[in-house]
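Heads up: the structure comes next, in structure tokens.
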Amino acid sequence: MLDYTLRILLTFFIIAIAASPMKCQGKLDLMDRFSYFLGQWEHNSTSDTISHTYKKVLSDQFIKMNTSAFFYGDDDGINTHTDEGYISYDQDRRKYVFRQFHSEGFINTYVLDEDKSTPVFYVWNSEHVENGFGLKAMLTIEIKNDDEYSMILHLGKEGESITACQWINAKRIKS
């Protein structure tokens, strides 16, 4: 009887481990999915310059993104924008989350849409926009090659469709 009980317990233990692979992996492994982006990137056009820096932080459990943008406004002056974001893995929900804090005072919380994402195409849907005046957002990122990716920001009001409003093509400048 004891042998039978031990076999049952061992079987349940093996099933429990197999059923929860994310809890068995280290967070470093989970962040490796985004290791392509690590380093410095820049987008230049006639009207703006945007730079992104991605790095692993806090014991490699998160990826931090810093953005600096300089662009010409309607008044021919140079406007600036900065934001700081963190990619993490929410083990309770088994979802990747990207939190983006903007110098203008709003915070986007995106969740990676696994059904629409691939190893070279990422779809981040906003879950919440704090201080966003009823906006919702979506980021799509496509890896073009080893040193270039494109990013499109889509915006819209809650309950309405979203529209692409910003396009960038970032090129690696230092890895």
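Taking Asp92, is it more than 16 Å from Phe34 (Cβ to Cβ) and over 12 Å from the mean Cα position of the chain (by Cα)? Yes.
In this structure, is Phe98 more than 20 Å from Glu142 (Cα to Cα), of a type outside the set (Ser, Thr, Tyr) and surrounded by 13 or more Cβ atoms within 10 Å (Cβ to Cβ)? When the stated conditions are applied, Phe98 does not pass them.
Looking across the stretch 60-96, the residues that are in contact (Cβ under 8 Å) with a residue 24 or more places away in the chain and not charged (D, E, K, R) come down to Gln61, Phe62, Ile63, Met65, Phe71, Tyr72, Tyr86, Ile87, Ser88, Tyr89, Gln91, Tyr96. Within the stretch 34-90, the set of residues being not hydroxyl-bearing (Ser, Thr, Tyr) and not in a strand (DSSP E or B) comprises Phe34, Phe37, Leu38, Leu58, Asp60, Gln61, Gly73, Asp74, Asp75, Asp76, Gly77.
Yes/no matrix, rows are residues, columns are (1) out of contact with any Lys or Arg (no Cβ under 7 Å at 6 or more places or on another chain); (2) within 27 Å of Ser161 (Cα to Cα):
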{"site": "Ser51", "(1), (2)": "yes, no"}
{"site": "Met65", "(1), (2)": "yes, no"}
{"site": "Asp83", "(1), (2)": "yes, yes"}
{"site": "Arg99", "(1), (2)": "yes, yes"}
{"site": "His102", "(1), (2)": "yes, yes"}
{"site": "Phe106", "(1), (2)": "yes, yes"}
{"site": "Asn125", "(1), (2)": "yes, yes"}
{"site": "Gly134", "(1), (2)": "no, yes"}
{"site": "Leu139", "(1), (2)": "yes, yes"}
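Since every read-out is calculated from the coordinates, none of them should be taken as a lab result. In this text the structure is predicted, and so the values were computed from the model without any measurement. Methodologically, a virtual Cβ is constructed for each residue, glycine included, from the backbone with ideal geometry; neighbour enumeration extends over all protein chains shown.
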